[in-house]
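Here is the structure we will look at.
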Amino acid sequence: HTLIQKQFFEMLPADFTKQDAVKQAEVLGIAKSTMEDWLKKHMQLSHIEHIAHGKYRKTNYKIVS
């Protein structure tokens, strides 16, 4: 993982919406498409769970670089 990716996920609250993630990505200068790829990847790795339409929750896994 890259440092910016780790920072992005650490800055998100435990429960967040896709819009929260988009706003955070903008703050860090991350493209929306890149952020969406990261969300998908981390859901596959069980770091994040999709709890409702547009809503996500971090799991207890720590994302390390």
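The values are calculated or read from the model by the stated rules, or taken from the named source; none is laboratory data. Bear in mind that the values here come from a model prediction, so they are computed numbers and not experimental data. Cβ atoms come from the backbone with ideal geometry, glycine included; neighbour counts cover every protein chain shown.
Enumerate the helices (runs of 4 or more DSSP H) found wholly within the chain, keeping only those where 2 or more residues are modelled with pLDDT of 95 or more and surrounded by fewer than 16 Cβ atoms within 10 Å (Cβ to Cβ). Counting at least 2 such residues, we get 18-28, 32-44. Among the residues examined, residue 18 does not qualify as in contact (Cβ under 8 Å) with a residue 24 or more places away in the chain and touching a Ser or Thr at 6+ places or on another chain (Cβ under 8 Å).
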